[in-house]
Amino acid sequence: MAVLAAAIVMGCGSNSAVTTTGPTQSKCQVALASPSASMGPDGGTGSVTVTTSPECPWDVTSGVSWVSGLTPASGQGDGTVSFQVAPNPQPMPRDGDIVVNDDRVTVSQQAAPCRFDLQPASLTVPAAGGTPQLAVSTDGACAWRLATDVGWMAFASPEAGSGAGTVALRVAPNSGRNARVGTIAVGDAQVVVTQLGAIPDPTCAYSIAVTTVFPLPAAGGVGTVAVSTTPACTWSAAGTAPWIAVTSGAAGQGSGVATFSVGGNPGGARSAALAVAGHVVAVTQEAAALPCAYAISPRSAAIPEAGGTQTVSVTAAAGCTWTADTNDAWITVVSGARGSGDGTVTVSVAANSSGARVGTVGIAGQTFTVSQAASPAPCAYTIAPTAASIPETGGTQTVSVSAGAGCAWTAAANDAWITVVSGAGGSGNGTVTFGVAANTGGARTGSLTIAGQTFTVTQAAFVCTFTVSPTSFTFTDAGGSGTVTVSASAGCAWTAQRNDGWITLTSGGSGSGDGTVSFAVDDRKGRSDRTGTLTIAGTLVTVLQRGRP
């Protein structure tokens with residue numbers, strides 16, 4: 001028994017954990033090896049190396065949609081099958097199967113990192129303090145613990161949990177003159193908490209004008225804050241998070257401008273504060289775009305040899321662009337060569353005039369496999385025998401038809417005196433039985449068309465035969481009468497005539513088919529015997545009359 005062996009080989013920057021199951025007893029038994037690493041949450045590519053005897057065919061399928069792009073989907077003997085693992089959007093690991101014949105290779109993928117969202121993104125608390133609430137949003141499998149970077153904020157309810165939840169803050173009173181800023185954070189999400197000062201500055205008044213639009217894009221950006229005040233009043237500008245940098249105007253006197261910059265965001269949406277001249281500017285930034293993941297359905301199709309079309313559905317997030325193309329001349333992308341987000345691709349497959357073939361279409365980075373059946377060999381027919389001679393009385397004849405399986409044929413008579421009794425149609429090998437009517441005329445030739453071949457029928461001419469009885473009579477000299485019986489086939493005409501004057505036909509001078517002829521013999525005056533004849537239906541009937549004693 002041949003042995004089929006498959007090993008998982010992961011692409012650059014990716015790996016896979018593979019679990020094998022025991023081989024089943026089949027024509028080509030499978031034995032699979034497994035690396036020890038697991039696929040990361042960002043996905044990647046890998047390959048299955050198939051080693052088997054040259055006569056052993058194999059098929060590769062995936063049991064889950066996030067393991068796709070199996071190329072090729074089938075083969076025989078040694079081969080290598082590539083596959084693609086989509087990014088894992090869930091904060092929990094997952095397993096999927098790649099099936100090689102009857103054995104399963106389990107691909108394990110690590111969970112995506114938990115993402116958190118805190119609302120509201122910013123809070124303003126009066127100088128007297130308070131207990132505002134924050135809403136935590138995340139997946140039910142994600143545990144969290146809130147933290148603060150200042151000592152004047154604490155948690156009035158448990159700051160830890162899992163899944164969605166609500167936490168109450170406890171903000172202490174602010175006895176200072178100026179506002180103060182702190183943050184509450186979990187993961188990559190944070191809330192900027194601004195607490196107003198208790199005593200307004202009695203001598204200086206500040207106003208600000210922000211010249212940027214929030215939220216800033218995930219790629220980052222710059223902004224300015226214009227400060228208006230009297231010439232003797234000093235002020236400062238500082239960010240409350242390390243990803244906000246004051247690039248100029250960190251300190252000033254009188255009216256001036258503070259410039260800040262925000263770097264690229266590698267994670268979810270975030271917010272922090274910029275404190276300028278006693279005012280708080282809430283700085284928010286969009287989340288980094290998630291990697292585009294694509295799926296197609298179906299991943300393969302079998303097209304008949306006559307050709308046809310197939311529609312493939314593409315699943316992708318909004319804004320994720322994709323293309324579809326093929327390197328096989330007999331496959332054409334009819335529609336959907338380019339798209340964004342969810343969409344469809346329609347491919348057309350030309351008729352196949354040769355052997356079975358397999359082609360591919362690249363759709364959104366996935367491989368759609370097209371298999372097409374071979375063009376059937378032209379049907380060839382033979383009949384035996386190819387001719388028959390039938391007697392004039394008619395009869396039946398059987399003809400054998402030889403044809404390939406699935407090759408259909410018919411049988412029909414080309415002359416009214418020939419009838420197809422059985423086998424007027426068939427497929428593959430078969431027989432045809434026909435009947436020929438009796439011939440009432442001359443020799444004739446007809447034909448049947450059987451499986452496209454000509455079968456010739458010849459029939460002998462109709463020949464009339466006559467039987468005359470009796471063929472001799474003896475009379476005395478006194479004469480008398482006699483009767484001759486004629487036996488003949490229907491339609492066979494005959495005549496009767498006397499050959500001597502002393503014999504007289506009294507009836508039946510002619511006829512058709514069976515009949516009788518009557519005649520009379522005159523009185524004989526002479527003493528010698530005499531002999532005469534009649535010709536009836538071509539037969540000579542002899543009449544002997546004795547002489548008078």
(message) Pairs needed: first member in the stretch 93-108, free of Cβ contacts under 8 Å to residues at least 40 places away in the same chain; second member anywhere, among the hydrophobic types (A, V, I, L, M, F, W, C) and open to solvent by less than 20 Å² (accessible area, probe 1.4 Å); C-beta distance under 6 Å; at least 6 residues apart or different chains.
(response) G96/V67; G96/V107
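For every residue, the table says whether it meets (1) without any contact (Cβ under 8 Å) to a residue 24 or more places away in the chain; (2) touching a Cys at 6+ places or on another chain (Cβ under 8 Å); (3) on the phi > 0 side of the Ramachandran plot; (4) surrounded by 15 or more Cβ atoms within 10 Å (Cβ to Cβ).
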position: T230; (1), (2), (3), (4): no, yes, no, no
position: A238; (1), (2), (3), (4): no, no, no, yes
position: T247; (1), (2), (3), (4): no, no, no, no
position: Q253; (1), (2), (3), (4): yes, yes, no, no
position: A289; (1), (2), (3), (4): no, no, no, no
position: T311; (1), (2), (3), (4): no, no, no, no
(request) Search the stretch 260-283 for residues being in a strand (DSSP E or B) and open to solvent by 40 Å² or more (accessible area, probe 1.4 Å), and hand back the single one that is farthest from F368 (Cα to Cα). (result) H279
(message) Anything in the stretch 333-347 that is within 16 Å of the chain's Cα centre (by Cα) and open to solvent by 40 Å² or more (accessible area, probe 1.4 Å)? List them, or say none.
(response) T344
(message) Please pick out the residue among S62, S47 that is at pLDDT below 80 and either among the polar types (S, T, N, Q) or closer than 30 Å to A143 by Cα (or both).
(response) S47
(request) Spot the failing condition for A351; the list is (1) open to solvent by less than 50 Å² (accessible area, probe 1.4 Å); (2) farther than 20 Å from V60 by Cβ; (3) touching a residue at least 40 places away in the same chain (Cβ under 8 Å), and only one is missed. (result) (1)
(request) Give the residues of the stretch 385-410 that are closer than 10 Å to V436 by Cα and assigned to a loop (DSSP other than H, G, I, E, B), sorted by residue number. (result) P391, E392, T393, G394
(request) Scan the stretch 404-421 and give yes if some residue there is open to solvent by less than 20 Å² (accessible area, probe 1.4 Å), of a type in the set (G, A, S) and touching a Leu at 6+ places or on another chain (Cβ under 8 Å), otherwise no. (result) yes
(request) Could you list, in sequence order, all residues of the stretch 496-549 that are touching a residue at least 60 places away in the same chain (Cβ under 8 Å), over 15 Å from G480 (Cβ atoms) and of a type in the set (A, V, I, L, M)? (result) I536, A537, L540
(message) If I filter the stretch 360-368 for residues that are crowded, with 19+ Cβ neighbours inside 10 Å and without any contact (Cβ under 8 Å) to a residue 60 or more places away in the chain, do I get at least one hit?
(response) yes
(message) So if I check each of G435, G482, G426, which one is in a strand (DSSP E or B) and more than 30 Å from V401 (Cα to Cα)?
(response) G482
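Taking into account only those residues within the stretch 369-392 that are open to solvent by 40 Å² or more (accessible area, probe 1.4 Å) and of a type in the set (V, I, T), which is farthest from A351 (Cα to Cα)?
Selected residue: T386.
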(request) Kindly indicate whether any position in the stretch 124-144 is over 14 Å from T61 (Cβ atoms), of a type in the set (V, I, T) and open to solvent by 40 Å² or more (accessible area, probe 1.4 Å). (result) yes
(request) Residue by residue through the stretch 66-103, note down the ones that are among the aliphatic types (A, V, I, L, M) and within 16 Å of S53 (Cα to Cα). (result) V100
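The values are calculated or read from the model by the stated rules, or taken from the named source; none is laboratory data. Since the structure is predicted, the reported quantities are computational estimates derived from the model, not experimental observations. Reconstructed Cβ throughout: ideal geometry from the backbone, glycine too, with neighbour counts over all protein chains shown. These accessible areas exclude ligands, DNA and RNA; they are computed on the full protein's heavy atoms, side chains included. Shrake-Rupley method; radii C 1.70, N 1.55, O 1.52, S 1.80 Å.
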